Amino acid sequence: PVEITGGNFKDALSASAGTQVAVSGGRFSAAIPEELCADGFVSVDNGNGTFSVAKEDAYVAQIDEEKYLTLQAAVSALNENETLTLLDNVNNADKSNVLTITLPAGATLDGDDKTLSGNICVRADQGGTIRDVIFEDIHNAANNLSAVYASGLAGKLTITGCTFDNCDWDAIQITPQA
């Protein structure tokens with residue numbers, strides 16, 4: 001049997017009939033066929049042109065009543081004045097590809113005391129609210145990542161109840177318009 005537990009795949013994944021394949025991790029350029037997913041895993045559209053697999057019903061984020069298996073998919077669906085609530089801790093161990101959470105104007109990121117770690121950055125150029133998020137070990141390959149970044153801040157940004165521990169650059173970085 002072939003087990004795939006991680007990696008970046010820029011080509012489609014297929015297997016000859018009778019070949020046992022169990023995909024339980026990784027990032028792919030195309031959806032993973034259901035028959036290749038490990039037991040209890042499903043193919044997930046990340047909302048950014050890539051696909052991954054996730055445990056069935058292992059939701060990490062929610063907007064209103066809609067739940068998402070990946071943070072990327074939730075971020076792609078987030079609109080102005082909506083609240084994205086974390087349902088689980090999220091770690092991006094891929095140091096070369098930052099997972100950016102872009103807050104539209106008036107949007108809220110409610111961490112619900114969950115942890116964001118690894119190569120993750122919250123962009124808040126339009127303002128918004130970030131509350132009750134634990135930012136921990138925020139790092140990228142260049143060692144220059146801020147947990148929260150706003151360039152040319154165009155609205156009110158409120159940060160409350162958050163914890164920042166071991167960020168590469170700054171916990172919060174606000175810069176003028178470039």
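I'd like to check which strands (runs of 3 or more DSSP E) are fully inside segment 1-102 and have at least 1 residues that are small (Gly, Ala, Ser), farther than 18 Å from residue 117 by Cβ and open to solvent by less than 70 Å² (accessible area, probe 1.4 Å). Give the steps one after another, and end with the answer.
Details: elements: 2-9, 21-28, 41-45, 51-55, 61-63, 66-68, 83-86, 90-92, 99-102.
Ranges flagged: 2-9, 21-28, 41-45.
Annotation: residue 176 fulfils all but one of (1) surrounded by fewer than 16 Cβ atoms within 10 Å (Cβ to Cβ); (2) on the phi > 0 side of the Ramachandran plot; the unmet one is (2).
Of all the residues in segment 1-53, those that are of a type in the set (Gly, Ala, Ser) and free of Cβ contacts under 8 Å to residues at least 12 places away in the same chain number 3. I'd like the full set of residues that are touching a strand residue (DSSP E or B) at 6+ places or on another chain (Cβ under 7 Å) and open to solvent by 50 Å² or more (accessible area, probe 1.4 Å), limited to segment 103-131. Selection gives 112, 113, 123, 131.
Within segment 141-157, which residues are touching a strand residue (DSSP E or B) at 6+ places or on another chain (Cβ under 8 Å), within 15 Å of residue 99 (Cβ to Cβ) and part of a loop (DSSP other than H, G, I, E, B)? Correct list: 145, 146, 147.
The values are calculated or read from the model by the stated rules, or taken from the named source; none is laboratory data. Just so it is clear, the structure is predicted and the values come from calculations on it, not from any experiment. Virtual Cβ from ideal backbone geometry, glycine too; neighbours counted across all protein chains shown. Protein only, heavy atoms only, side chains kept; ligands, DNA and RNA dropped before computing areas. Shrake-Rupley method; radii C 1.70, N 1.55, O 1.52, S 1.80 Å.
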